[in-house]
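Have a look at the structure below before the remarks.
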Amino acid sequence: MTVESAPQAATRSASGSEVDATPAAALGSAAFVDRHIGPDTDQTAVMLKTLGLSTTEELVERAIPGGIRLQGDLRLPPALTETEALAWLRDLAARNKPRRAMIGLGYHGTVTPPVIRRNVLEDPAWYTAYTPYQPEISQGRLEALINFQTMIEDLTALPIAGASLLDEATAVAEAAALARRNTKHGSVLVMDADILPQTVAVTRTRAEGLGIEVVVADGPLLDAIADHDLFGVVVQTPGTSGALLGTAALREIADATHAKGGLVIAACDLMALTLTTPPGEWGADVAVGSSQRFGVPLFYGGPHAGFMSVRSGLERSLPGRLVGASVDSQGAPAFRLALQTREQHIRREKATSNICTAQVLLAVVAAMYATYHGPYGLRAIARRIHGDATALAADLRSLDGVEVDHQSFFDTVQVTAPGRGRTIVAAARERGVHLRLIDDDHVGIAVGEDTTGDDLRAVRAAFGGGELSGEHWGDLAGSERSSDFLTHPVFTSHHNETSMLRYLRALSDRDYALDRGMIPLGSCTMKLNATAEMEPISYDGFANLHPFAPDDDAQGYLELISTLESWLAEATGYAKVSVQPNAGSQGEFAGLLAIHAYHRSRGDDQRRVMLIPSSAHGTNAASAAMAGLKVLVVKANPDGSISRDDLAAKIDANRDQLAGIMITYPSTHGAYEDGISQICADVHDAGGQVYIDGANFNALLGLAQYGRFGGDVSHLNLHKTFCIPHGGGGPGVGPIGVAEHLVPFIPKSVSAAPYGSAGILAISAAYIAMMGAEGLTRATVQAVLSANYIAARLGEHYPVLYTGHGGLVAHECILDLRPLTRQTGVTVDDVAKRLIDYGFHAPTMSFPVAGTLMVEPTESEDLDEVDRFIDAMIAIRQEADRVGAGEWPADDNPLHNAPHTAAVVMADEWTHPYSRTAAAYPFGVHRGPIASGAQDKYWPPVGRIDGVYGDRNLVCSCPPPEAFED
């Protein structure tokens, strides 16, 4: 399908009938672009006038170096209306045939409770939130993540769990790296012969850069343990085949591994763990897996929340986010991200992982599934699954020519039927069921929560059997669980829908998301996630298709993916795009692997030096280290630009070892730097490749193409530029685009599923389809205009640290608060927390420069909201000046004490030198109808949180109710 013709399918409905393509078919007469972009024509004119400009073209000419400008328009189809785009996506979804997914392989049929689907997965209060770096306004999702961590800790019987990973295969690879860091012995990772094939592939991809040898046992795992100098062992339980080892056998594997100084990694199934002995009780050091079957749709492979839990002593090596308990300024219990010194944004190439975005939204769904069902409900679901599997096994083994391969299993039955495998799988498909074809002689059948009696009859009929007998055969290998789990009251309190609905609402009310107001986080692009973009992810054809379903049953997805990849290739100027990386960090890793593979193919394996500017995001350095590359930092000039002298010196000193350079454009300093093409040329002349980080592509889309001004490879963040919501910390998608010479070297296995987080690709496809080339360019220009408007109006109050070409910023600006701190003692933290009292989420704090705020308004915020933010920042500056002048004490003023909770403001005693109104209503009280200018107050649920206390007293599970007593 060509770039030009792709959306023509949108003129037909799912039934194939023509759809009215006239403007009357749209919502009113407004084009989608006018609904996506906040400022209207008059507001845009005001912004331009403030900058002394007449037109947006004048802005573009001044801001962007002419040498990189795109000549002409992007070759994309004409923009669709919302109605047309939804019809197109509905048609694609209808071309997918989910049938009943009984393939297994780590993905299982599940039932998402409607109360959770509607009030989490489809609720903007949850999906438009950002990673909870500002914990005072993130207590709802932090509590939900504490529930997730507690759920994982309880089910695996290990004391510390993280707040989600990208998928199961990635979690195993991360666990292997953790084991390597914490084991002084051995050089080999031994993997179970019965492990998921995608896990092996992803782990091998990760292991290559880390110098880890991966050995998959070809027989009993104990034999492989005895034969190798290992540092870690991965046990899949239950196995891919469904085989379930007993507790004694698992403990023997753990003991043998520990005797050789290694760590044991258990890849496990959460539903099975409700009935079987948990890993922490038989000796595992680490447990990993996927929480998908806890209510998260199949989504053709993702997004799903992976998990990891560890024994005591390994918590500081955990990858990804970790939520912990702490206290606020009044001593009240509160949650925050804990042990952040492990993470890539601080430790760079020495971080435990390159993970930035994880899968928070899906972790919340899984946690609420467990909360809704509780321990007894989960056991009941698991018993029914196991009972259906044993009933099916009994019936199949009664048939001639059919053998069930394992007596002990939880939900997956592997069957031997010599010479009949393909026939059986085809017959089941005709009856509406997808089975796993292992080979001509073997078939795998995985029973899920959504499996019905009709499905079981269809499977039996595919094997040539008749009605169900009612008999059962098979067991849990004598490994029945005896320990309790999910004993905290939160898991026994919300089993009716009324209670669950109110709990979800109460949690979301504690948070600040885009449904409340602007989130001006620099480098994060918190733009509109339009409802028309979000709606299709819930369509049955998109939500319930197994990632390993036959291609014939996935034609809608395959067309969607091909179309989106072609559009992204056109947008970036690259020859090929792959959407498999399921986070920006994984896109970085994949792109660097492509560069390294290219050099190796040319006999240049020694090219392992990667130049990275000092201003780069921490994931760049962490990803380079994961790919086996040596990081060399390039200095910045005082104006924030790359030091050309230092770059030239490092290129010359490493000419024969140079792999390439990782550079963000526009720069992480929020500026269009001159000379980017020459930097690319200098690296190419030395034999290196140019990786351009696409984190800031929202300032280039439609105006310039990475592949046209020197880039060899880039990743994009679909959760930034292309409107996939941040979900409170995930999901994300980080596709990579490569030049023609790198196409053969695109990695095949950086995510568990063939197309990564395919279930949310429709969001970005809808955005591009509804915006069209002209709309996308308009959005970019507006984003740049809004950022420059903020810089112009706030510049006299807070110095704008860096500007680029034409003395302008790109789509974000850095406000320097260091002079303010020197003059008044007011810190960047004080300003950030005070913004909460004014009704705002703070901009990005102290990145890329300590003591600064990086502001990115995006194109979606209208002038009223932008001005409200500006007014708040000016008012805060005036408050700070009063502190500096001695009118308020340095340790008792509205900034130092911010944010102010309702409990603090309403307390009987008030001893502060400023009024309660100044504390809580700094803009004044505006009563009456909202249409008349009234504004409702957002009250933070907690005061400023003590981060040091939380790290010194690490608690990463649900605190007991007594902790919340006054």
Notebook entry, point to check: Considering the range 77-92 alone, what residues qualify as being touching a Phe, Trp or Tyr at 6+ places or on another chain (Cβ under 9 Å) and either aromatic (Phe, Trp, Tyr) or crowded, with 24+ Cβ neighbours inside 10 Å (or both)?
Noted result: 80, 81, 85, 89, 92
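Let's see how each residue does on (1) farther than 18 Å from residue 712 by Cα; (2) not small (Gly, Ala, Ser):
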position	(1), (2)
556	yes, no
563	yes, yes
568	no, yes
577	no, yes
587	no, no
593	no, yes
601	no, no
Check: Does residue 860 meet the test of being under 28 Å from residue 669 (Cα atoms) and among the polar types (S, T, N, Q)?
Finding: yes
Checklist line | Top-ranked residue in the range 278-300 [being out of contact with any Gly (no Cβ under 7 Å at 6 or more places or on another chain), in a helix (DSSP H, G or I) and of a type outside the set (Asp, Glu); ranked as surrounded by the most Cβ atoms within 10 Å (Cβ to Cβ)] | finding: 279
Notebook entry, point to check: Would it be correct to say that residue 45 is at pLDDT 50 or above, farther than 30 Å from residue 557 by Cβ, among the hydrophobic types (A, V, I, L, M, F, W, C) and part of a helix (DSSP H, G or I)?
Noted result: yes
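So if I check each of 562, 585, 523, 601, which one is surrounded by 23 or more Cβ atoms within 10 Å (Cβ to Cβ), of a type in the set (S, T, N, Q) and either in contact with an Asp or Glu (Cβ under 8 Å, 6 or more places away or on another chain) or closer than 29 Å to residue 749 by Cβ (or both)?
585
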Check: Is the range 172-183 home to any residue that is on the phi > 0 side of the Ramachandran plot and either among the hydrophobic types (A, V, I, L, M, F, W, C) or modelled with pLDDT of 95 or more (or both)?
Finding: no
Note to self: Just the residues that are among the hydrophobic types (A, V, I, L, M, F, W, C) and either surrounded by 24 or more Cβ atoms within 10 Å (Cβ to Cβ) or assigned to a loop (DSSP other than H, G, I, E, B) (or both), please, taken from the range 100-120.
What the structure shows: 101, 102, 103, 105, 111, 116, 120
Note to self: Looking at the range 698-718, I want the residues that are within 12 Å of residue 571 (Cα to Cα) and have a partner that is of a type in the set (Asp, Glu) and assigned to a loop (DSSP other than H, G, I, E, B) with Cβ atoms under 7 Å, at least 6 apart or on another chain. Which pairs are those?
What the structure shows: none
Item checked: Given (1) buried (at least 24 other Cβ atoms within 10 Å of the Cβ); (2) farther than 22 Å from residue 487 by Cα; (3) among the acidic types (Asp, Glu), index of the condition residue 123 fails -> (1)
Checklist line | Meets criteria (buried (at least 19 other Cβ atoms within 10 Å of the Cβ) and either of a type in the set (Ser, Thr, Tyr) or touching a residue at least 40 places away in the same chain (Cβ under 8 Å) (or both)) for residue 238 | finding: yes
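Tally the residues that are buried (at least 24 other Cβ atoms within 10 Å of the Cβ) and within 21 Å of the chain's Cα centre (by Cα), restricting the search to the range 565-576.
Number satisfying all stated conditions: 1.
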Item checked: Count of the range 555-605 residues which are without any contact (Cβ under 8 Å) to a residue 60 or more places away in the chain and either outside any helix (DSSP H, G or I) or in contact with a helix residue (DSSP H, G or I) (Cβ under 8 Å, 6 or more places away or on another chain) (or both) -> 4
Next item on the list: State the number of residues belonging to the range 906-930 that are modelled with pLDDT of 95 or more and of a type in the set (Val, Ile, Thr).
Entry: 2
Notebook entry, point to check: Taking helices (runs of 4 or more DSSP H) that do not extend beyond the range 804-903, which have at least 3 residues that are in contact with a Leu (Cβ under 9 Å, 6 or more places away or on another chain)?
Noted result: 828-837, 863-884
Notebook entry, point to check: Yes or no: residue 250 part of a loop (DSSP other than H, G, I, E, B), modelled with pLDDT of 95 or more, crowded, with 21+ Cβ neighbours inside 10 Å and in contact with a helix residue (DSSP H, G or I) (Cβ under 8 Å, 6 or more places away or on another chain)?
Noted result: no
Notebook entry, point to check: Restricting the first residue to the range 363-379 and requiring it to be within 19 Å of residue 729 (Cβ to Cβ) and without any contact (Cβ under 8 Å) to a residue 60 or more places away in the chain, which pairs with a second residue that is assigned to a helix (DSSP H, G or I) and of a type in the set (Lys, Arg) meet a Cβ separation below 6 Å and a spacing of at least six or different chains?
Noted result: none
Checklist line | The listed residue being within 15 Å of residue 523 (Cα to Cα) and at pLDDT 95 or above, out of 811, 797 | finding: 811
Note to self: I'm checking my understanding of the structure. Among residues of the range 258-268 that are touching a residue at least 40 places away in the same chain (Cβ under 8 Å) and surrounded by 24 or more Cβ atoms within 10 Å (Cβ to Cβ), which one is nearest to residue 110 (Cα to Cα)?
What the structure shows: 268
Note to self: I'd like to know if the range 642-655 contains one or more residues that are more than 30 Å from residue 520 (Cα to Cα) and in contact with a Lys or Arg (Cβ under 7 Å, 6 or more places away or on another chain).
What the structure shows: yes
Notebook entry, point to check: Based on what the data block shows, is residue 714 over 17 Å from the mean Cα position of the chain (by Cα), surrounded by fewer than 24 Cβ atoms within 10 Å (Cβ to Cβ), of a type in the set (Ser, Thr, Tyr) and under 26 Å from residue 199 (Cα atoms)?
Noted result: no
Notebook entry, point to check: Going through the range 375-395 one residue at a time, which ones are basic (Lys, Arg) and either outside any helix (DSSP H, G or I) or in contact with an Asp or Glu (Cβ under 9 Å, 6 or more places away or on another chain) (or both)?
Noted result: 384
Note to self: For the list (1) closer than 30 Å to residue 374 by Cβ; (2) in contact with a Leu (Cβ under 9 Å, 6 or more places away or on another chain); (3) among the hydrophobic types (A, V, I, L, M, F, W, C), I need the number of the one condition that residue 243 fails.
What the structure shows: (2)
Notebook entry, point to check: Do we have any residue at all in the range 778-795 that's farther than 30 Å from residue 84 by Cα, surrounded by fewer than 24 Cβ atoms within 10 Å (Cβ to Cβ) and touching a Lys or Arg at 6+ places or on another chain (Cβ under 9 Å)?
Noted result: yes
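How many of the residues making up the range 835-852 are under 18 Å from residue 136 (Cα atoms) and either touching a residue at least 24 places away in the same chain (Cβ under 8 Å) or surrounded by 24 or more Cβ atoms within 10 Å (Cβ to Cβ) (or both)?
11
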Checklist line | Qualifying positions in the range 648-669 - buried (at least 21 other Cβ atoms within 10 Å of the Cβ) and assigned to a helix (DSSP H, G or I) | finding: 651
Check: Tell me, which helices (runs of 4 or more DSSP H) wholly within the range 122-190 include 3 or more residues that are over 20 Å from residue 370 (Cβ atoms) and not small (Gly, Ala, Ser)?
Finding: 168-181
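The values are calculated or read from the model by the stated rules, or taken from the named source; none is laboratory data. All values derive from a computational prediction rather than experimental measurement. Ideal geometry is used to build each Cβ from the backbone, glycine not excepted, and the neighbour counts take in all protein chains shown.
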